[in-house]
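Here's the structure, in structure tokens; my notes come after.
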Amino acid sequence: TILVIGPPSPDARIDTRSCPAALDTYGKLFREGTPATPDGPRPLADAVVIAVGYGGYYLAEKSPVKSVKVNVNCGYPERSITMTYGQRLEVANASKYPFAPMIDTDPSPAVMMAAPLGAGDPIRLYPRRPGHSVMGDLMQSYVREDLYVLRHPLHAVSGLDGHYRIDGVPVGKMSVAAQHPTVGSQAQAPVTIEAGVVAKADLTLEYAPKAPAKTDEKRDLILR
């Protein structure tokens, strides 16, 4: 489970007039759940979790496709998307509004539209390099998806309950690391993987918003 401590998530300044239901997904700076105890840590959604520290062999991705779908409420199920370098990203659209996703680091002269109500095939995007990108949308300006293209398949994204699961982790000692693009912190914990045993690793991130910079106000004196 991924948890967050610190002040509650503030409202995000976005325009969702084209589909007000999108506030459920994008209305806050980050998505968090209800704490188990008053003033306790809250479940954190959309955190990127990676198993690190293994070596000596190569782990191949099992699927050539990473599939995501825009829900009927005009938002993606997760605000962070992880995929393995070499996969293609397929985007389907179950909402009644048109979407045209675009990766900021991979501009394209063609606009590919994911047709509403699941009509037609999903559109295909091909990230050209590993790393972090932002996936926006030419039709729906409020959309911001953090896209992480990783070099191995041992990754996951936490859900609304803060839970995550990474399958196929090699046996041995390694670490689990988590970060969140808008919470702005990272955490890491050691874990020992045994064959046929589900290992548990809880991580807590801290949200510490920066105070706004002070500016000097200049006052004009008006002589009458």
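Counting DSSP beta bridges with both partners in the chain, what percentage is antiparallel, nearest 5?
Details: 32 of 48 bridges.
Expressed as a percentage, antiparallel bridges in the chain total about 65.
The tail of the calculated P(r) for the stretch 38-117, taken as Cα-Cα distances beyond 14 Å, holds 74 percent of the pairs. The distance between label points at residue 15 and residue 182 comes to 1.8 nm (points 7 Å beyond Cα on the Cα→Cβ vector). Convex hull volume of the C-alpha atoms in the stretch 93-197, normalised per residue: 155 Å³. Given DSSP loops and a limit of at most 10 other Cβ atoms within 10 Å, what is the longest stretch of the chain that contains no such GluC sites (Glu not before Pro)? After excluding every exposed loop site, the longest remaining stretch is 1-193.
In the chain, the portion of solvent-accessible area held by carbon and sulfur atoms comes to 54 percent [1.4 Å probe, whole percent, DNA, RNA and ligands not counted].
Select from the stretch 1-91 those trypsin sites (Lys or Arg not before Pro) which occupy a DSSP coil region and have at most 10 other Cβ atoms within 10 Å, ordered by residue number.
Numbers: sites: 13, 17, 28, 31, 62, 66, 69, 79, 88; in loops: 13, 17, 31, 62, 79.
Sparse-neighbourhood loop trypsin sites (Lys or Arg not before Pro): 13, 17, 62.
Annotation: per residue accessible area for the stretch 139-192 equals 48 Å², rounded to a whole number [probe 1.4 Å, protein chains only]. For the chain, the Cβ-based charge dipole about the Cα centre amounts to some 320 debye (Lys, Arg positive; Asp, Glu negative; other atoms uncharged). So what does log10 I(q)/I(0) come out to for the chain at q = 0.08, 0.11, 0.18 Å⁻¹, using the Debye formula with one equal point on every Cα and no solvent? With one equal scatterer per Cα and no solvent, log10 I(q)/I(0) is -0.35, -0.62, -1.37.
If you run the Gaussian network model on the chain, springs between alpha carbon atoms under 10 Å, then out of 95, 175, 63 the most flexible one is 63. Placing unit charges on each Cβ (+1 for Lys and Arg, -1 for Asp and Glu) gives the stretch 1-101 a dipole about its Cα centre, and among 21, 40, 86 the Cα reaching farthest toward its positive end belongs to 86.
Evaluated at 10 °C with a viscosity of 1.306 mPa s, what Stokes-Einstein diffusion coefficient in µm²/s does the stretch 1-57 have when Rh comes from the Kirkwood expression over alpha-carbon pairs?
Working: Rh = 13.8 Å.
The calculation lands on 115 µm²/s.
What's the longest bit of the chain with no exposed chymotrypsin sites (Phe, Trp or Tyr not before Pro), using DSSP loop states and at most 10 other Cβ atoms within 10 Å as the test? Of all site-free stretches, the longest is 59-224. For the stretch 102-150, state which trypsin sites (Lys or Arg not before Pro) are in a DSSP loop and have at most 12 other beta carbons lying within 10 Å of their beta carbon. Of the trypsin sites (Lys or Arg not before Pro), the ones in loops of the stretch 102-150 whose Cβ has at most 12 other Cβ atoms within 10 Å are 128.
The values are calculated or read from the model by the stated rules, or taken from the named source; none is laboratory data. The structure presented is a predicted model; accordingly, all values stated were derived computationally and were not measured. All Cβ positions, glycine included, derive from the backbone under ideal geometry; neighbour counts span all protein chains shown. With ligands, DNA and RNA removed, areas are computed over all heavy atoms of the protein, side chains included. Shrake-Rupley method; radii C 1.70, N 1.55, O 1.52, S 1.80 Å.
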